[in-house]
Amino acid sequence: MRRMWLMFAMAALVCAATVLVAPAPARADVTSPSSFPTSTQMITVTAESVSDTTATLTAWERDESGEWTSVIGPTEAYLGSEGLGVPRDNVWRTPMGTFALDQAFGNQPNPGTKMSYFQADDQDWWDALPGSPTYNSHVRQAENPGGDSEHILSTGEIYDYVVNIAHNPQRVAGYAAGIFLHVSNGEPTWGCVAIDRDVMREVVQWLDPARQPVISIGLA
């Protein structure tokens, strides 16, 4: 079954298609996989059922011949406390689908990634206020943007190293803000994917925006 999921995820990368728009919050079905035909770095996160709060994470890269090779993992990953499905604000589900990895940051200095990276200070927030023009994005300001916005520095060690999972790039209000790949504290998350700190650091170092990295989350 794991091989079947990998074949499905890889197929999503070689199909010629445009990135799908995130579904409106009222939809009950899961996000359909998007296609990223030029990606040569992919992370797969596979669970046995949609109710699981743990999964297996593996990082892969594709060579010039089109062959995929695992380069990190497999390793245990924690999912949202409500498993997999359609995420919403204050509903702790991890989204299913294939999404770009577009921004790295953390409370620690840049570990050597080629990704755009910032080290958080007192001015760094992730805006989670529905209706805000900067909903589901990084903002720099002294005051809390409102709602459930996260003060990145205050979140602690789980945000030592973070990569944004771009599940809602259109910033659809209510469709959840701040779905990340980050360091695990050994417990289910609020919808993010969390892994061991050393492995997370290795993943951040490995990611290269020129290779258009994506993460594919689904069932084994």
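Numbers for the structure displayed
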quantity	calculated
Test: Arg88 is surrounded by fewer than 18 Cβ atoms within 10 Å (Cβ to Cβ) and over 20 Å from Asp160 (Cα atoms)	yes
Selection within the stretch 56-113 - hydrophobic (A, V, I, L, M, F, W, C), farther than 30 Å from Gly146 by Cα and in contact with a Gly (Cβ under 8 Å, 6 or more places away or on another chain)	Leu57, Ala59
Scan of the stretch 153-212 for residues that are of a type in the set (Phe, Trp, Tyr) and either within 15 Å of Leu101 (Cα to Cα) or touching a residue at least 60 places away in the same chain (Cβ under 8 Å) (or both), ordered by number	Tyr161, Tyr175, Phe180, Trp190, Trp206
Residues of the stretch 70-101 satisfying the condition of being at positive phi and assigned to a loop (DSSP other than H, G, I, E, B)	Gly83, Gly85, Asn90
Test: residue in the stretch 162-174 that is farther than 23 Å from Arg197 by Cα, touching a helix residue (DSSP H, G or I) at 6+ places or on another chain (Cβ under 8 Å) and not small (Gly, Ala, Ser)	no
Filter result (farther than 16 Å from Ala176 by Cα and in a strand (DSSP E or B)) within the stretch 102-132	Asp102, Gln103, Ala104, Phe105, Gly106, Tyr117, Phe118, Gln119, Asp124
Of all residues making up the stretch 99-128, the number that are free of Cβ contacts under 8 Å to residues at least 40 places away in the same chain and of a type in the set (A, V, I, L, M)	1
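Each value in this text was obtained by applying a stated rule to the coordinates, not by laboratory testing. Note that the coordinates shown come from a computational prediction; the quantities given were computed from them, not determined experimentally. Cβ sites come from the backbone with ideal geometry, for glycine too, and all protein chains shown count toward neighbours.
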